[in-house]
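Single-structure report; data block below.
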Amino acid sequence: MQTDLESILDLDEWEKLQDAIALETHLAIILVDYRGKPVSNHNQVQPFCQLVRNNPKLNAYCEKCDARGSLEAVHRGTPFIYRCHFDIVDIAIPIMVENHYMGAIMAGEVRMDEKQSQLEQILQLEDQDPIQQFKKNIKRFMNNYQN
């Protein structure tokens, strides 16, 4: 019974609710399908995450994190809080219809001190080069921007 979220949710009404929640909580929120692909707008996106998601290769990792985080939430039967590949904290809240996983509400983009976070990192990348290169470029950009 795999169907799409658009058939069970009024996406226009969902967007209004999502906008209000994101505005009040200052959390980034997005609705994803069962594959981790975005179905709604991405509200209150943090600047760092916006830059990451604008990079096609790094965005693929974000979508993979969304998919794995939401599947882990389904497996546990409860919302799942985890760290993404950039050590940013997210939460996956699964949407279930008649015991079938339809997608998830993803929220977060919260930066925590590593010493404070005992959360599982959902995606371990063997090739850290794209991540490290992006971090280096961002640091260089921020240094130039502040000077």
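The values are calculated or read from the model by the stated rules, or taken from the named source; none is laboratory data. Bear in mind the structure is a predicted one, so any value in this text is a computation, not a measurement. Here the Cβ is made from the backbone with ideal geometry for all residues, glycine too, and neighbour counts use every protein chain on show.
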**Asked** Looking at this structure, is Y34 over 27 Å from D129 (Cβ atoms) and crowded, with 17+ Cβ neighbours inside 10 Å?
**Response** yes
**Asked** With respect to the numbered conditions (1) over 15 Å from V110 (Cα atoms); (2) at pLDDT below 90; (3) surrounded by 15 or more Cβ atoms within 10 Å (Cβ to Cβ), which one is the sole condition not fulfilled by C84?
**Response** (1)
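Any idea which residue in segment 14-31 is nearest to P130 (Cα to Cα), counting only those that are among the small types (G, A, S) and in a helix (DSSP H, G or I)? Reasoning before the result, please.
Taking segment 14-31 as the starting set, the residues that turn out to be among the small types (G, A, S) are 20, 22, 28.
Filter again for in a helix (DSSP H, G or I), leaving 20, 22.
Values: A20: 34, A22: 29 Å.
The extreme case among them is A22.
Name the one entry in I81, I30 that is touching a residue at least 60 places away in the same chain (Cβ under 8 Å) and either hydroxyl-bearing (S, T, Y) or within 20 Å of Y101 (Cα to Cα) (or both). Lay out the reasoning, then the answer.
Values: I81 fails: touching a residue at least 60 places away in the same chain (Cβ under 8 Å).
Of I81, I30, the one residue that is touching a residue at least 60 places away in the same chain (Cβ under 8 Å) and either hydroxyl-bearing (S, T, Y) or within 20 Å of Y101 (Cα to Cα) (or both) is I30.
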**Request:** Of the conditions (1) in contact with a Gly (Cβ under 6 Å, 6 or more places away or on another chain); (2) more than 23 Å from F134 (Cα to Cα), M102 clears all except one; give me its number.
**Result:** (1)
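Residues are listed down the side, and each one gets a yes or a no for (1) of a type in the set (V, I, T); (2) assigned to a helix (DSSP H, G or I); (3) surrounded by 12 or more Cβ atoms within 10 Å (Cβ to Cβ):
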site	(1), (2), (3)
D12	no, yes, no
L58	no, yes, yes
E63	no, yes, yes
G69	no, yes, yes
P94	no, no, yes
Y101	no, no, yes
**Request:** Only residues in segment 98-112 that are within 19 Å of E6 (Cα to Cα) and touching a residue at least 60 places away in the same chain (Cβ under 8 Å) count as the first member; pair them with residues that are part of a strand (DSSP E or B) and among the charged types (D, E, K, R), Cβ under 8 angstrom, at least 6 apart or cross-chain, and list the lot.
**Result:** M102/D33; G103/D33; M106/D90
